[in-house]
Amino acid sequence: MEGLTVKRAYHQHCGLAAAMDVLGERWTLLLVRELLLGPRRYSELLADLPGLGTNLLADRLRFLVARGVVRQCGVGSAQRYAYELTDTGHGLRPVLLELTRWGLFRPELSTVDTVRPRWAFLAVEALAAGRHAEVDEDYEFRVDGEVFHLSVRAGRAHGGLGPAQPPSVVATTDAGTLLVVCAQPTALTEATHAGRLELTGTDSAVRRCTALLTPS
């Protein structure tokens with residue numbers, strides 16, 4: 001593709017090396033993360049990836065489009081251009097969820113860390129996806145004014161944008177609190193007692209929801 005920056009390659013006949021040839025550059029996996037919940041416009045990606053300059057974002061998008069991980073699409077009534085994951089790109093979802101779950105070891109947020117509602121909800125999905133619980137429910141998360149839903153069916157969890165239909169539990173909180181809850185076993189109880197996390201639903205549904213959210 002004309003204008004595409006040539007990336008470094010490992011030149012190893014190995015599946016992992018081939019994956020790293022595509023995904024190993026800085027910002028690439030975080031860009032894929034931003035598209036997990038649906039299409040996003042260029043300006044939205046730039047705003048939610050602080051520290052990533054516009055030229056580098058354009059370069060990463062061109063590269064991922066060329067490799068079949070991302071494609072352009074039209075969104076809204078005006079069909080404004082946006083980017084979305086291809087089926088190949090969506091195949092990275094379990095990998096990113098497992099990496100997210102693995103990375104939930106930080107005890108608290110740093111004062112210099114940026115946090116977004118989507119990132120906090122991704123931590124929720126990552127925890128729930130690893131539980132393999134026999135739960136058949138939908139949960140709604142209202143995080144800093146943004147709404148997400150988590151559907152759990154026979155040990156599989158899948159998250160998305162928008163409200164649950166209908167929710168067994170509604171969780172209302174902020175992104176920073178939700179990330180800490182997903183990282184610390186005792187944080188959920190502390191957050192609910194302090195009023196930073198509100199869980200609305202029947203007692204039994206709340207217990208099932210909190211079991212999915214509490215890290216082991």
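The values are calculated or read from the model by the stated rules, or taken from the named source; none is laboratory data. Nothing here was measured: the structure is a model prediction, and the numbers come from that model. Backbone-built Cβ (ideal geometry, glycine too); neighbour counts: all protein chains shown.
For the reader, a short list of remarks on this structure follows.
Rundown of residues vs (1) of a type outside the set (F, W, Y); (2) over 26 Å from H149 (Cβ atoms); (3) at pLDDT 95 or above; (4) in contact with a helix residue (DSSP H, G or I) (Cβ under 9 Å, 6 or more places away or on another chain), yes/no style:
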position: P50; (1), (2), (3), (4): yes, yes, no, no
position: L64; (1), (2), (3), (4): yes, yes, yes, yes
position: G68; (1), (2), (3), (4): yes, yes, yes, yes
position: Y81; (1), (2), (3), (4): no, yes, no, yes
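- The stretch 125-143, residues that are within 22 Å of A191 (Cα to Cα) and either in contact with a strand residue (DSSP E or B) (Cβ under 8 Å, 6 or more places away or on another chain) or part of a strand (DSSP E or B) (or both): E125, A128, R131, D138, Y139, E140, F141, R142, V143
- Wholly within the stretch 21-82, helices (runs of 4 or more DSSP H) carrying at least 3 residues that are farther than 22 Å from L97 by Cα: 42-48, 54-66
- Sole residue being surrounded by 15 or more Cβ atoms within 10 Å (Cβ to Cβ), among the hydrophobic types (A, V, I, L, M, F, W, C) and either under 12 Å from the mean Cα position of the chain (by Cα) or assigned to a strand (DSSP E or B) (or both), chosen from V95, V147: V147
- Check on C209, in a helix (DSSP H, G or I) and either in contact with a Phe, Trp or Tyr (Cβ under 6 Å, 6 or more places away or on another chain) or outside the structural domain of S151 (by TED's automatic domain parsing) (or both): yes
- Members of the stretch 152-173 that are surrounded by fewer than 18 Cβ atoms within 10 Å (Cβ to Cβ) and either among the polar types (S, T, N, Q) or in a loop (DSSP other than H, G, I, E, B) (or both): A154, G155, G162, P163, Q165, P166, T172
- Any hit, the stretch 49-66, residues being more than 22 Å from V115 (Cβ to Cβ), basic (K, R) and in contact (Cβ under 8 Å) with a residue 60 or more places away in the chain: yes
- For A129, the conditions (1) within 14 Å of the chain's Cα centre (by Cα); (2) modelled with pLDDT of 90 or more are fulfilled apart from (2).
- Some residue of the stretch 152-165 being over 30 Å from L46 (Cα atoms), among the β-branched types (V, I, T) and not assigned by TED's automatic domain parsing to the domain that holds G38: yes
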